[in-house]
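Okay, so here's the structure we're looking at.
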Amino acid sequence: MNIWKVLWVWKARRRGSLVTVAVKLIPKLGKSARDLEALRREIEILRDLRHPCIVQMLDAFETREEVGVVTEFAQGELFQVLEDDRRLSEPVVGRVAAQLVSALRYLHAHRIVHRDMKPQNVLVAAGGGVKLCDFGFARAMSSATLVVTSIKGTPLYMAPELVLERPYDHRADLWSLGVILYELFVGKPPFYTTSIVALVKAIVKDPVSIPQGLSADF
């Protein structure tokens, strides 16, 4: 269950300020005490994140009916860019890759696994840069071990160890990033099927078809 499923996302402006922000309202209705406690823990994770390629949380509040999260505002979504253009040029994919690698390096250095890397969770800023968002599945790891076992994420972008329900670590995010970059360049993920059984088999056993036309540097 994604406890970050929101009812509304508002574009707003702080009173007395020229800064535009995004306000997400997450309803409490239908969520257990455990869900809400997990949500509060995840908000605490977000409070401490400071990276130019990660959407910054500015504030959070709670009422009887909902939990509100205020973040910086980003202009668009990488998923929509992909929908419009079908595929992106090598230089653009390279820039996206560099920014997302930087974001993941920061997260993993702080012992956080995102666990739901996909184009829908990458926002596009006004200047054309990208920002990783949606930490509803993020997990803070203990200092003793990197391994986690709960299964989260979107199947098309899952690493083999996730679809096999085996323990995994931060490298699962790197696999998902590779799938995203492949999709940006080719126009579809490396393993694409509507059958979950066939998808699991392909992720675990099938080789990745390397796109044609890549430069030596890429």
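Rule-based calculations on the coordinates, nothing more; no lab input. Small disclaimer: the values here were computed from a predicted structure and weren't measured. Virtual Cβ from ideal backbone geometry, glycine too; neighbours counted across all protein chains shown.
So here's what we get for this one:
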| item | result |
| --- | --- |
| The chain - charge dipole about Cα centre, Lys and Arg +1 at Cβ, Asp and Glu -1, debye rounded to 20 | 400 |
| Where only C-alpha atoms are counted, convex hull volume of the chain per residue in Å³ | 145 |
| Selection from I43, T20, V67 lying farthest towards where the dipole of region 8-72 points positive, charges on Cβ | T20 |
| Ellipsoid equivalent to region 76-205 - semi-axes via the Cα gyration tensor, in Å | 23, 20, 11 |
| Calculated diffusion of region 14-63, Stokes-Einstein form, Kirkwood radius summed over Cα pairs, 10 °C and 1.306 mPa s, µm²/s | 123 |
| Those trypsin sites (Lys or Arg not before Pro) in region 68-126 that DSSP places in a loop and that have at most 12 other beta carbons within 10 Å | R86 |
| Distance violations [Cα-Cα > 32 Å] among K31/K131; K28/K118; K28/K188; K11/K201; K118/K201 | K28/K188; K11/K201 |
| With at most 13 neighbouring Cβ atoms within 10 Å, loop GluC sites (Glu not before Pro) (DSSP) excluded, longest segment of the chain | 66-164 |
